[in-house]
1. Would you mind calculating the gained length between Ile134 and Asp70 on full extension (0.36 nm times residue separation, minus the Cα-Cα distance), in nm to one decimal?
2. Run the helix sum for the chain: -39,500 (n - 2.57) per DSSP H stretch of 4+ residues, divided by residue count, reported at 222 nm to the nearest 500 deg cm²/dmol.
3. Taking +1 at the Cβ of each Lys and Arg and -1 at the Cβ of each Asp and Glu, which of Ala136, Tyr150, Ile174 sits farthest along the dipole of the stretch 2-214 towards its positive end, judged by Cα position relative to the Cα centre?
4. How large is the charge dipole for the chain, taken about the Cα centre, if only the Cβ atoms of Lys, Arg (+1) and Asp, Glu (-1) carry charge, to the nearest 20 debye?
5. Which three semi-axes in whole Å describe the equivalent ellipsoid of the chain, each the square root of 5 times a Cα gyration tensor eigenvalue, listed largest first?
6. Taking R0 as 22 Å, what FRET efficiency do you get between Arg168 and Ala100 from their Cβ-Cβ distance, rounded to the nearest 0.05?
7. Indicate the helices, whole DSSP H runs only, in the chain that combine a mean Kyte-Doolittle hydropathy of -0.5 or more with a Cα extent along their long axis of 18 angstrom or more.
8. Relative contact order of the chain, please, whole-number percent, based on alpha carbon pairs below 8 angstrom and at least 6 residues apart.
Amino acid sequence: MITDDRAAFVRANTRLLPVPHAPELALHVADEATALWEKTEEELGRIGLPPPFWAFAWAGGQALARYVLDHPETVAGRRVLDFAAGSGLVAIAAAKAGAARVEAADIDPFARAAMPLNAAANGVTILPRGEDLIDADEGWEVVLAGDICYERDLAERVIAWLETLAARGATVLIGDPGRAYLPKERLTEVAIYQVPVTRALEDAEIKRSCVWRVR
């Protein structure tokens, strides 16, 4: 019932729209961040919740989704994890590109309610995961992560984990629009995109966003 209520909340407070940099995909997105943030806190009767990251197509995720759609061989036939998946955009792109199995991890329960709605809207299936998977290794062949370097402590912890996965042979890609804590010296740039974003969330209407491979 709680999951159904959250899905109803997502439907009531978003619109299904094409993704600007991957228009062959569509997401349930919000028109305005602050109002949705307040509604989320009212829904749960709590204040101080994290922003509704799941309700927007962030620049790093859009870049990574575009790369996967344009390079389906990256994921085709492989087991994929979309880490910090939010809306599930990158996971959906991987499923569209022919991944054998796609898991989408996010600790936000509203994100996990939005993921199946977005997947269904795009005619694919993804598996939402709610655990903190940092430091886990379940044998994923490809790990995708968009916009993960906006906080220092989180970035350091996640990058160290992703390097461990890459070292044992996983393909690990990060989508990033120039966040402060991205360790470029430990990554290899594989693609650059000019990504349309919402000005309410970013400092520009177009964000230069890169896809990086973890060495």
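Taken together, the values in this text are just the output of simple stated rules run on the coordinates, not laboratory data. Computed from a predicted model, the values in this text were never measured in an experiment. So basically every Cβ, Gly included, is an ideal-geometry build from the backbone, and we count neighbours across all protein chains shown.
1. Numbers: separation 64, 0.36 × 64 = 23.04 nm, distance 2.77 nm.
Extending this stretch completely gives an extra 20.3 nm.
2. For the chain, the value works out to -10500 deg cm²/dmol.
3. Ile174
4. For this selection, approximately 540 debye.
5. Largest first, the chain gives 25, 19, 18 Å.
6. 0.70
7. Span-like helices here: 109-121, 152-167.
8. Reported as a whole number, the value is 20 percent.
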